[in-house]
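As structure tokens, the structure follows; a few thoughts come after it.
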Amino acid sequence: MLECVGVNPWVVERRRHTFRHREAAWDVNAHPDGRDMTTFHFGSQSEGTTTPGLQSDTDMLYTRNNVNIMFSWADWQQGELNFLMVRKEDTPPQHYLLQLISPAVPQPATNLNLPDFVTDSQGRVFYSNMAVVRWWAAGLGDSHIRHGPSNSGREDWDSVEAFHCTTFPPEIMSWFMKMQNGYWPSQETLQAARMCGCFLVPVGHHGSVNESIEWRITPNLIERLLMFSLNMVPIKCLVVLKMLKKQEFVKYIHCANCKFTSFHCKTALFFTLNRTLPTIWTKSRLIECIVRCLQTILEFLNKGKYPHFIVEEVDLFDGKVCRECQLSLEQAIQGMIQDDMHVLFRLESDGLGQRLNMALSHEVRPYPGDDVNAGICGNLAKDMFKAYLEHLHLVCRRLCNNEEADVVTSLNNEINTLESLALNASTTQYDKNYIKFMVKSLMSVKASVISSSCIQSGQPLPQGIWQLYGESLDTDVASSKLKLASMHYCRGELQRAASVLNEVEFDLDASVEPVCGCGIVPYDNKLCKAFCEYTIQNNSHEQLAKKLAICVRFLREEKFCAPRILWCEMYRAIGDDVDHIDLRERALMDCAEVDVQPFLLYLQYLTYRGLGLRHRQLEAFDGLKDIVRFKVNQLYHRWTVFNLLGHCFELEGNVEVALDIYNISVEDMPRNNAANWHKQRLERMLNNNY
């Protein structure tokens, strides 16, 4: 039954590959920007141990590589920012203090009065874990959310800044010795784990006198390696434990501050695997494996201590589950086991209980598993490209804001840097896939920027421009082609524009899915079924690009390649609008962005109008009206589409209807909306006529 909801080998592998690609996007993007960082995704989403019904968070950890963490004085590095891991007598298990060491000589920094540092009575200088919190709070304002070491602006996203420590402290080294005698993990896995290192994350032990300057050791990379070494039976076992935790365990956690987490479930699985013969972990004995994991949890509940699998001194009950809730949960789990695990037939997550009941009664299952798996694959494909597009826009903004070089030179430098990075021996295939997408996308921007400059100055296009356009046309199914068609239109080459638009129209079949990296989520965000089914069998970047329609984006530097109505989108703030924008809106204020399908129809309307093909012009006009009438909630940039439709009504001579549409646009998005400019313009026009 679990195979039907994404707990099968190929969906698990798809999840893992997707998040490794997302990591590559972060890492590659950091290099040209001068940031030496490495990013990791951890947790259920990246491990493949979740289902749609579990609604797992996304966990990201990033580490600055230009910080040297010393476990001993032999680790000191000249010229680096050095921190020595220090423990005091009262430092809790799993925690360390980070003492600042001079970059010039291997000596402690003393009595420094610096922000984010704390000096103790002996003059030693320690780095405060609150420095990270203050940085995030300043950037996110009221949307800042903190959970333990995590800081983010979204409830479903945990972001942790950490320092990587290549030398294992004693509490982790002892784990390697202990694991020599267990059934699991294998010696090969343990050998690989020795290369992982660990992280120091910015959170102190609750109630500690030094809580604000303590950093917690966390072996996330080892834990991820352990998860990646498992076959499907332990993975299914863990997913069921999480379902039980979400639906059943929570009923017996009475205290508001108590929480039994997915990490408790994972830890129970690890201990059970270590203690149990490998022959037990077979598909036919899945229920027995689940029971054995529950018995491990019972053992810890009975003792009143829940040890960390790797850092044994740590009690996972401490600060998480009080003794009263432990006893209540112990009684509940005992009842589940004594009842022969009939609780599984009551599981509501992903309809698993209903599926089990129908399987026993030999009825046809109520929902096809392939639909769920296809939906998971579709979402993963779309989310991967969303991450790519977010980084693409960050790069473009950085290049356009470069005061030391013009945009074309900056684009050339960026492309050359990325192509050189792709040739580096240490560059992974995940990195190369992202680099390939970025290079093609930046070539499209470069071609458009050069063309815009030529149109503005009335100069002919340079000879190499067509090669640039040609190499960038397959970034997706339509966006680069639409920018080419728009350039032809703006140059008055209407027949060429019409030819490209006809090609785009042919390619936009029912299996094409729109995608954007702007951060906006359409009201109707249901994925196209045909696209989801396509992604089950086709997962390469080249194959996915054929079925994704990326929203068309014009930077200000490209504006002469865009229809003039879109220029207003690049300067849409009016009055004090600029004082009322969030971080996402701020990133979009200097560009125009529009969904592919409506932009295709708008360009067709303009092009066929110029060619005198009234019948084709009206077909495009009717198509644009239908999108606004029936599909507006599926759009990423519906306000822009309202404005395009309003402009078509203007060109049809129906100014009153155009004004009504601009008013609708403003009602939907009152501020930072170009419709405000259009309203003022039309209102002046109507007043002058009267």
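Within region 636-690, the set of residues being among the hydroxyl-bearing types (Ser, Thr, Tyr) and under 34 Å from the mean Cα position of the chain (by Cα) comprises 636, 640, 662, 665. Look at residue 15 and say whether it is among the basic types (Lys, Arg) and buried (at least 20 other Cβ atoms within 10 Å of the Cβ). It is true that residue 15 is among the basic types (Lys, Arg) and buried (at least 20 other Cβ atoms within 10 Å of the Cβ).
Those residues that are in a helix (DSSP H, G or I) and either open to solvent by less than 20 Å² (accessible area, probe 1.4 Å) or hydrophobic (A, V, I, L, M, F, W, C) (or both), I need them from region 401-415; list them, please. Give the steps one after another, and end with the answer.
Kept after step one, since they are in a helix (DSSP H, G or I), are these residues of region 401-415: 407-415.
Within region 401-415, 407, 408, 410, 411, 414, 415 meet the criteria.
Taking region 530-551 as the range and being in a helix (DSSP H, G or I) and surrounded by 15 or more Cβ atoms within 10 Å (Cβ to Cβ) as the test, the residues that pass are 530, 531, 532, 533, 534, 535, 536, 541, 544, 545. Quick one: which residue in 116, 120 is within 14 Å of residue 210 (Cβ to Cβ) and of a type outside the set (Phe, Trp, Tyr)? Of 116, 120, the one residue that is within 14 Å of residue 210 (Cβ to Cβ) and of a type outside the set (Phe, Trp, Tyr) is 120. Checking each residue in region 305-355 for being of a type in the set (Gly, Ala, Ser) and touching an Asp or Glu at 6+ places or on another chain (Cβ under 9 Å) picks out only 332.
Identify the residue in region 248-260 that is open to solvent by less than 40 Å² (accessible area, probe 1.4 Å) and within 19 Å of residue 343 (Cα to Cα) and, among all such residues, is nearest to the chain's Cα centre (by Cα). Let's see the steps before the verdict.
Applying the first criterion (open to solvent by less than 40 Å² (accessible area, probe 1.4 Å)) to region 248-260 yields 248-249, 253, 258, 260.
So of that shortlist, the ones also within 19 Å of residue 343 (Cα to Cα) come out as 248-249, 253, 260.
Numbers: 248: 30, 249: 29, 253: 31, 260: 26 Å.
Applying the filter and picking the extreme gives 260.
Filtering region 505-527 to residues that are within 15 Å of residue 375 (Cβ to Cβ), assigned to a loop (DSSP other than H, G, I, E, B) and within 19 Å of the chain's Cα centre (by Cα) leaves 525, 526, 527. Of 354, 331, all but one fail to be without any contact (Cβ under 8 Å) to a residue 24 or more places away in the chain, over 30 Å from residue 553 (Cα atoms) and polar (S, T, N, Q); the exception is 354.
If I go through region 509-518 residue by residue, how many of them are buried (at least 16 other Cβ atoms within 10 Å of the Cβ) and either out of contact with any Cys (no Cβ under 9 Å at 6 or more places or on another chain) or of a type in the set (D, E, K, R) (or both)? Explain how you work it out, then say what you get.
Within region 509-518, the first condition is being buried (at least 16 other Cβ atoms within 10 Å of the Cβ), and the residues that meet it are 511-518.
Imposing the further condition that a residue be either out of contact with any Cys (no Cβ under 9 Å at 6 or more places or on another chain) or of a type in the set (D, E, K, R) (or both) reduces the set to 513.
The qualifying residues number 1.
For region 136-154, the set of residues classified as open to solvent by 30 Å² or more (accessible area, probe 1.4 Å) and either in a helix (DSSP H, G or I) or touching a residue at least 12 places away in the same chain (Cβ under 8 Å) (or both) consists of 136, 137, 138, 139, 140, 141, 142, 143, 146, 148, 153, listed by residue number. Scanning region 120-135 for residues that are within 16 Å of residue 100 (Cβ to Cβ) and not in a loop (DSSP other than H, G, I, E, B) returns 124, 125, 126, 127, 130, 131, 132.
When the residues of region 278-336 are narrowed to those that are within 30 Å of residue 95 (Cβ to Cβ) and β-branched (Val, Ile, Thr), which ends up farthest from the chain's Cα centre (by Cα)? Please lay out each step first, then the result.
First, pick out the residues of region 278-336 that are within 30 Å of residue 95 (Cβ to Cβ): 293, 296-330.
Imposing the further condition that a residue be β-branched (Val, Ile, Thr) reduces the set to 296-297, 310-311, 314, 321.
Numbers: 296: 34, 297: 33, 310: 28, 311: 29, 314: 31, 321: 31 Å.
If we take residues in region 278-336 being within 30 Å of residue 95 (Cβ to Cβ) and β-branched (Val, Ile, Thr), then 296 is farthest from the chain's Cα centre (by Cα).
Conditions: (1) in a loop (DSSP other than H, G, I, E, B); (2) in contact with a Pro (Cβ under 8 Å, 6 or more places away or on another chain); (3) polar (S, T, N, Q). Residue 486 meets all but one. Number of the miss? Tallying (1) in a loop (DSSP other than H, G, I, E, B); (2) in contact with a Pro (Cβ under 8 Å, 6 or more places away or on another chain); (3) polar (S, T, N, Q), residue 486 fails exactly one: (1).
No other residue among 645, 682, 603, 635 is open to solvent by less than 50 Å² (accessible area, probe 1.4 Å), under 14 Å from residue 565 (Cα atoms), out of contact with any Cys (no Cβ under 8 Å at 6 or more places or on another chain) and in contact (Cβ under 8 Å) with a residue 60 or more places away in the chain apart from 603.
Run down 42, 71 and say which single residue is in contact (Cβ under 8 Å) with a residue 60 or more places away in the chain and open to solvent by 30 Å² or more (accessible area, probe 1.4 Å). None of the others qualify; the one that does is 71. Evaluate region 170-189: report whether one residue or more is free of Cβ contacts under 8 Å to residues at least 60 places away in the same chain, in contact with a Phe, Trp or Tyr (Cβ under 7 Å, 6 or more places away or on another chain) and open to solvent by 40 Å² or more (accessible area, probe 1.4 Å). Taking every residue of region 170-189 in turn, none turns out to be free of Cβ contacts under 8 Å to residues at least 60 places away in the same chain, in contact with a Phe, Trp or Tyr (Cβ under 7 Å, 6 or more places away or on another chain) and open to solvent by 40 Å² or more (accessible area, probe 1.4 Å).
Residue-level check: of (1) closer than 23 Å to residue 505 by Cβ; (2) open to solvent by less than 20 Å² (accessible area, probe 1.4 Å), residue 612 misses just (2).
Working only within region 449-483, note down all residues that are part of a helix (DSSP H, G or I) and either among the hydroxyl-bearing types (Ser, Thr, Tyr) or open to solvent by less than 10 Å² (accessible area, probe 1.4 Å) (or both). Break it down into steps so the answer makes sense when it comes.
The initial filter retains those residues of region 449-483 that are part of a helix (DSSP H, G or I), namely 449-457, 465-472, 479-483.
Within region 449-483, 451, 452, 453, 457, 465, 469, 472, 479, 480, 482 qualify.
Residues are listed down the side, and each one gets a yes or a no for (1) surrounded by 21 or more Cβ atoms within 10 Å (Cβ to Cβ); (2) farther than 19 Å from residue 480 by Cβ; (3) at pLDDT below 95:
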site	(1), (2), (3)
392	yes, no, yes
395	yes, no, yes
417	no, yes, yes
422	no, yes, yes
430	no, yes, yes
447	yes, no, no
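The values are calculated or read from the model by the stated rules, or taken from the named source; none is laboratory data. As the structure is a computational prediction, the values presented were derived from the model and not from experiment. Positions of Cβ are backbone-derived with ideal geometry, glycine not excepted, and every protein chain shown enters the neighbour counts. Remember, those area values only see protein heavy atoms, side chains included, never the ligands or the DNA or RNA. Shrake-Rupley method; radii C 1.70, N 1.55, O 1.52, S 1.80 Å.
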